[in-house]
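What follows draws every value from the coordinates through simple rules; no lab data is involved. Bear in mind the structure is a predicted one, so any value in this text is a computation, not a measurement. When we count neighbours, we look across all protein chains shown, and the Cβ atoms used for this are built from the backbone with ideal geometry, even at glycine.
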């Protein structure tokens with residue numbers, strides 16, 4: 001009986017939503033869906049009434065109970081066939097070693113691709129005075145360097161003198177990981 005009550009509650013919520021939508025757009029094609037929802041609600045109410053009648057036998061000593069709602073005969077409703085949704089069980093597989101930043105940088109192929117979008121903006125703003133073209137030229141030159149030490153020496157000349165030390169340290173760490 002509780003499942004029927006839950007179904008009726010869901011039918012009412014669905015109908016409220018449909019009516020709200022239909023009131024906003026009277027030409028909405030959801031009118032047919034609302035009619036079907038009403039027929040479904042009638043079917044649920046009928047089933048609930050039948051369960052109540054089957055569980056509570058009426059004796060001749062007790063007066064007949066009048067229902068607070070009227071059950072009107074409706075056209076036959078197609079039974080709702082619930083399809084069981086099978087959720088595949090995915091076994092937990094031990095994953096290989098986790099990819100560290102250095103491995104990700106090596107597979108990136110270029111320093112530009114190795115940086116996150118936030119790092120790109122941060123480096124351009126704090127190391128190159130907001131000049132992204134200058135940063136891109138520097139990155140191209142750094143990729144042509146033969147070692148991390150050579151690249152870091154070039155960076156010391158390419159960045160602004162008054163740059164943030166922490167940002168510069170992050171940038172040089174990125175370069176070291178790119179070359180190692």
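Here region 18-32 and region 131-161 have alpha carbon centers that stand 62 Å from each other. For region 2-55, just say rounded, prolate or oblate: build the C-alpha gyration tensor, square-root its eigenvalues into a ≥ b ≥ c, call rounded for a/c under 1.5, and beyond that prolate if a/b exceeds b/c, oblate if not. Note, shape of region 2-55 comes out prolate.
Straightening the chain between residue 169 and residue 136 buys 10.0 nm, computed as 0.36 nm per residue apart minus the Cα-Cα spacing.
Going by neighbour counts of Cβ atoms within 10 Å, the residues 113, 31 line up, fewest first, as 113, 31.
For region 101-179, the orientation-averaged shadow of the C-alpha convex hull comes to 4.5 nm² (one quarter of the hull surface). Counting every other Cβ atom within 10 Å of each residue's Cβ, 115, 1 order from fewest to most as 1, 115. Among 44, 141, a tally of other beta-carbon atoms within 10 Å of each Cβ gives an order, fewest to most, of 141, 44.
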